[in-house]
Amino acid sequence: MKLLLAFSAIVLIWHAPLVTAIPADVQQIVVDYMNRFRESFAVILPVANMNAIVYNASLEKKISTCPVAEHAAKDLRALLFLSLNLEKESDTIGDIDSREAERIMDPNSGHPDGKDFRQFLHPLHAGIGCIILRKPCPFPGQSRDKKNKATAMCFFGGPENMKPMDGLKRGEPGSQCPNGKSEISEYMCKVYNATLEKGISSCTVAEHARKDHRAMLFKSLTLFDNEEGDMDSIGAEAIMDLNNHHDNVDPQRQIVHPLHVGIGCVTLRNPCPFPGQPRNATDKATTMCFFGGPE
């Protein structure tokens with residue numbers, strides 16, 4: 001039996017895409033649903049390092065055909081769903097006891113939805129992105145003439161090649177959070193979006209990557225003094241003025257973009273000059289950060 005996920009929402013239909021993106025309100029419903037179940041599981045088992053996931057549109061993938069969907073589903077961070085309409089289950093989802101939690105943990109328990117649960121309850125998942133399939137597709141191992149087919153697919157962000165529940169730490173919920181506790185729950189962890197990190201092999205590559213307005217070079221990540229972020233209305237208006245290119249206004253404009261949803265940073269192999277700076281400059285960038293958000 002496949003786990004039936006149900007979200008009430010009107011889906012925005014595109015006319016010619018390979019897949020359909022889901023609207024922002026449905027994205028939030030997906031995240032709330034997942035985190036409600038993850039929080040409950042973390043408290044009941046208990047789990048010390050359960051991440052609170054966020055919606056990450058960069059995880060959405062283009063699925064052109066059912067064979068492509070079937071292949072993509074082989075990744076343990078991908079799941080096919082009958083539907084993204086969770087209204088019927090939203091009131092009871094996460095209402096599990098310790099016995100059921102242990103059955104979910106045990107791959108030999110025979111729990112009807114255990115395999116699916118183990119996938120989306122992975123404590124190290126950091127984000128989720130979902131799509132509506134172009135046409136319904138059979139679940140893995142299901143004949144193509146079956147009536148109940150998958151209409152949606154979700155992709156989780158997290159470590160590659162990690163089996164379900166690998167990395168789970170038992171203990172007081174939220175007691176082993178390397179980035180601190182989540183703002184939405186004291187029982188879950190704040191995530192660091194490692195999927196945004198990129199391999200930068202040379203200063204030339206860094207300079208090219210910097211052309212994306214979601215990328216920034218930094219002198220170091222021993223950032224900011226206590227006054228950083230203290231600004232008045234004049235400073236805020238200066239950032240909003242697109243004709244103002246004085247000092248650090250352009251970088252500040254990048255940092256405060258309202259639609260950024262995450263950040264990932266890397267230390268450069270060698271210090272690199274900032275844009276417009278000669279290669280023999282003394283103060284060079286040692287770090288590069290990438291923001292998650294619209295292209």
- prompt: Within region 198-221, restricting attention to residues that are over 17 Å from PRO251 (Cα atoms) and either over 22 Å from the mean Cα position of the chain (by Cα) or not charged (D, E, K, R) (or both), which residue is modelled with the lowest pLDDT?
  reply: GLY199
- line: Condition set assigned to a loop (DSSP other than H, G, I, E, B) and hydrophobic (A, V, I, L, M, F, W, C), scope region 167-195, selection nearest to PHE290 (Cα to Cα): answer is VAL191
message: Every residue in region 275-288 that is at pLDDT 85 or above and surrounded by 14 or more Cβ atoms within 10 Å (Cβ to Cβ), please.
response: LYS284, ALA285, THR286, THR287, MET288
field: Of residues in region 123-160 being among the charged types (D, E, K, R) and surrounded by 16 or more Cβ atoms within 10 Å (Cβ to Cβ), the one modelled with the lowest pLDDT
entry: ARG134
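Kindly check whether there is at least one residue in region 105-115 that is buried (at least 17 other Cβ atoms within 10 Å of the Cβ) and modelled with pLDDT of 85 or more.
Checked against the condition, which is being buried (at least 17 other Cβ atoms within 10 Å of the Cβ) and modelled with pLDDT of 85 or more, region 105-115 yields at least one hit.
Which of the following residues is outside any loop (DSSP other than H, G, I, E, B), in the same structural domain as GLY157 (by TED's automatic domain parsing), at pLDDT below 85 and farther than 28 Å from GLY141 by Cα: SER58, SER40?
Details: SER40 fails: at pLDDT below 85.
Going through SER58, SER40 in turn, the sole match is SER58.
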message: Checking ILE29 against (1) in contact with a strand residue (DSSP E or B) (Cβ under 6 Å, 6 or more places away or on another chain); (2) surrounded by 18 or more Cβ atoms within 10 Å (Cβ to Cβ); (3) β-branched (Val, Ile, Thr); (4) at pLDDT below 90: exactly one of these is not met. Which one?
response: (1)
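The values are calculated or read from the model by the stated rules, or taken from the named source; none is laboratory data. Every value quoted in this text rests on a predicted model; they were computed, and no experiment measured them. Using ideal geometry, Cβ is built from the backbone for each residue, glycine included, and neighbour counts are taken over all protein chains shown.
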